[in-house]
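The values are calculated or read from the model by the stated rules, or taken from the named source; none is laboratory data. Just so it is clear, the model here is predicted, and its values are computed rather than measured. Note that we place each Cβ from the backbone using ideal geometry, even for glycine, and neighbour counts take in every protein chain shown. The accessibility values were calculated without ligands, DNA or RNA, using every heavy atom of the protein model including side chains. Shrake-Rupley method; radii C 1.70, N 1.55, O 1.52, S 1.80 Å.
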Amino acid sequence: ELELELIEGGASSFDKEDEYLTVYTDFNDFGMMSSKLEELSIEPKNSEVQRIPLNTTELPVEDAIKILNLIEKFEDDDDVQNVYHTLDVTDELITKMEEE
């Protein structure tokens, strides 16, 4: 019943994890979703706009590691607030990084 109400408010998908429900909307529906949550007397734990890629890019492991190192440098910079990428983090890449 709640999910139907949220879909009416612009929800495009959901993720259920333990006691939390993450609701995804298109950027244009963000305000409408905020209003719907208020109407339902639901106070979100967190509400933010994120850039989620429609397509990801898989790179050779060595190149992907270089990109992840660059991303880490950007994230460590105090002047950078958010870093977005379309890199596909594969199981092979995760294994290689755990080895290092």
request  = Starting from the stretch 35-57, keep only residues that are more than 13 Å from residue 20 (Cα to Cα), then list their pairs with residues that are open to solvent by 80 Å² or more (accessible area, probe 1.4 Å) whose Cβ atoms are within a distance under 6 Å, requiring at least 6 positions of separation or different chains.
outcome  = 51/84
query = Are any residues in the stretch 86-100 touching a helix residue (DSSP H, G or I) at 6+ places or on another chain (Cβ under 9 Å) and surrounded by fewer than 10 Cβ atoms within 10 Å (Cβ to Cβ), and if so, which ones?
reply = 100
query = Do you know which residues across the stretch 58-85 are within 27 Å of residue 26 (Cα to Cα) and exposed (fewer than 12 other Cβ atoms within 10 Å of the Cβ)?
reply = 75, 80, 81, 82, 84
request  = Using the structure shown, decide if residue 49 is modelled with pLDDT under 90, out of contact with any His (no Cβ under 9 Å at 6 or more places or on another chain) and either surrounded by 10 or more Cβ atoms within 10 Å (Cβ to Cβ) or of a type in the set (A, V, I, L, M, F, W, C) (or both).
outcome  = yes
Selection from the stretch 10-43 of residues that are surrounded by 10 or more Cβ atoms within 10 Å (Cβ to Cβ), among the small types (Gly, Ala, Ser) and under 22 Å from residue 54 (Cα atoms) = 10, 11, 12, 31
